[in-house]
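Have a look at the structure below before the remarks.
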Amino acid sequence: MSARPTQPAQSPVTVLGLGLMGTALASALLKAGHPTTVWNRTAAKTGPLAAQGATPADTARDAVTASPLTIVCLTTNENVRALLAPEATALAGRTLVNLTNGSPSQARELAQWAAEHGITYIDGGIMAVPQMIATPGAYILYSGTDEAAYETHRPTLRALADTRWVGKDPGLAALYDLSLLTGMYGMVMGVAQAYALIGTEGIAAREFAPLLGDFVVAMTQSLVPGTAEALDTGQHLTDVSSLAVNQAALPNFLSAYAEQGISGALFEPLQAVLDRAIAEGYAADGLSRLPELLKQS
Ligand code: NDP
């Protein structure tokens with residue numbers, strides 16, 4: 001009788017921080033069969049995960065020593081620093097993946113701190129909401145000095161979402177993350193302003209939604225690649241919509257916001273940028289010139 005092939009054991013992993021996102025991450029790891037140790041400042045949040053098979057730890061120190069890999073997902077990197085500074089010795093020789101939202105400089109500082117204590121540090125940026133974790137379309141950006149460690153733990157990380165390595169500078173995952181989210185927040189601001197404006201005449205948001213959604217998608221599909229092409233070739237002249245015509249139109253938006261009784265605070269700063277573009281001689285260029293005008297000299 002031939003021996004039945006044994007399944008390779010899934011690698012143990014620890015999750016620190018069981019908010020909406022941390023809970024989704026831990027749950028995905030459990031579903032993928034990883035022995036998962038969990039810790040949260042408010043201990044009660046470990047309950048549902050324990051019911052799924054997680055091992056709750058009494059302290060963050062107990063949690064990190066349970067696994068070669070710790071994933072941390074707290075509100076801010078200040079929280080991460082405060083939580084983990086006393087646990088440097090416990091983390092030494094292990095890998096720390098930080099999926100907390102933060103800036104490139106925060107990631108680099110945490111990487112520096114980790115290197116000083118013999119901790120392998122990988123920074124990450126989650127491009128998903130909790131409901132998307134472990135579903136197609138979700139991905140997580142990673143960066144750090146030790147790409148080999150990332151490859152070692154990639155089978156575990158893939159249980160969370162698709163993985164995208166963006167480089168050995170620990171700050172790069174945060175840079176990509178914030179750049180992508182900047183695009184999202186621009187859209188959020190535009191959508192908020194559009195609903196506020198249309199709503200001033202009692203038009204139902206549901207009625208307006210298909211028009212708005214289709215228009216934003218159509219504009220995005222041409223704007224994003226078109227701007228990239230212009231930036232990479234340095235060719236900003238346009239036959240679509242010049243900065244001059246946009247500068248001339250923006251006061252109509254701002255006065256309409258005022259007349260209809262809504263704030264123009266989100267859009268007023270655009271006027272100064274467009275005015276500057278014209279003053280500096282870019283009237284015939286398209287909107288693709290704007291990223292260059294945002295550079296601080
Ligand atoms: P939640 O508010 O749901 O959870 C925050 C977590 O941080 C909780 O576990 C909380 O513990 C913990 N925490 C806060 N302060 C401290 C502290 N001083 N010491 C220890 N633990 C602390 O946030 P999310 O889970 O939604 O977000 C977590 C991170 O993930 C954020 O950086 C966020 O930007 C990022 N993210 C979130 C996404 C989302 O859609 N939710 C999407 C992509 C990224 P306690 O339960 O005790 O309060």
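Just so you know, all these numbers are worked out from the coordinates, no wet-lab data involved. Predicted, not measured: the structure shown is a model, and the values here were computed from it. Every residue, glycine among them, receives a Cβ derived from its backbone with ideal geometry; neighbour counts consider all protein chains shown.
What list of whole percents do you get for P(r) of the range 129-195, with Cα-Cα distances grouped in 5 Å bins up to the one holding the largest distance? It works out to 4, 15, 19, 21, 18, 11, 6, 4, 2, 0, in whole percents. The share of alpha-carbon pairs in the range 190-297 lying farther apart than 23 Å comes to 38%.
For the chain, adding -39500 (n - 2.57) for each run of n ≥ 4 DSSP H residues and dividing by the number of residues yields -16000 deg cm²/dmol at 222 nm.
Using bins of 5 Å that start at zero, the share of Cα-Cα pairs per bin across the range 206-255 amounts to 4, 16, 16, 20, 23, 13, 5, 2, 0, in whole %. Per the Debye calculation on the range 99-172 with a single equal scatterer at every Cα and no solvent contribution, log₁₀ I(q)/I(0) for q = 0.12, 0.19, 0.20, 0.28 Å⁻¹ amounts to -0.31, -0.74, -0.81, -1.29. The loop-placed GluC sites (Glu not before Pro) in the range 119-204, going by DSSP, that have at most 12 neighbouring Cβ atoms within 10 Å of their Cβ come out as Glu201.
Write out the trypsin sites (Lys or Arg not before Pro) in the range 197-297 meeting two conditions: DSSP loop, and at most 13 other Cβ atoms within 10 Å of their Cβ.
Working: sites: Arg206, Arg276, Arg289, Lys295; in loops: Lys295.
Passing sites in the range 197-297 are Lys295.
Whole number please: convex hull volume per residue of the Cα set in the range 13-147, in Å³? Walk me through the numbers before you get to the answer.
Working: hull volume 13.5 nm³, N = 135.
Each residue corresponds to 100 Å³ of Cα convex hull volume.
Dipole of the chain computed with +1 at Lys/Arg Cβ and -1 at Asp/Glu Cβ about the Cα centre; of Thr220, Ser179, Leu49, farthest Cα towards the positive end is Leu49.
Ranking of Leu69, Leu250, Leu211 by neighbouring Cβ atoms within 10 Å, starting from the fewest: Leu211, Leu250, Leu69. Calculate how many DSSP beta bridges within the chain are antiparallel, expressed in % of all such bridges and rounded to the nearest 5. Roughly 20 percent of the beta bridges in the chain run antiparallel, per DSSP. Here the gap between Glu259 and Ala82, fully extended at 0.36 nm per residue and compared with their Cα-Cα distance, gives a gain of 58.9 nm. Dimensions of the chain along the principal axes, based on C-alpha atoms and rounded to the nearest Å, stand at 77, 48, 44, largest first.
In this label model, Thr59 and Gln271 are separated by 5.9 nm, measuring between points 7 Å along each Cα→Cβ vector. What separates the Cα centres of the range 102-177 and the range 219-297 is a distance of 34 Å.
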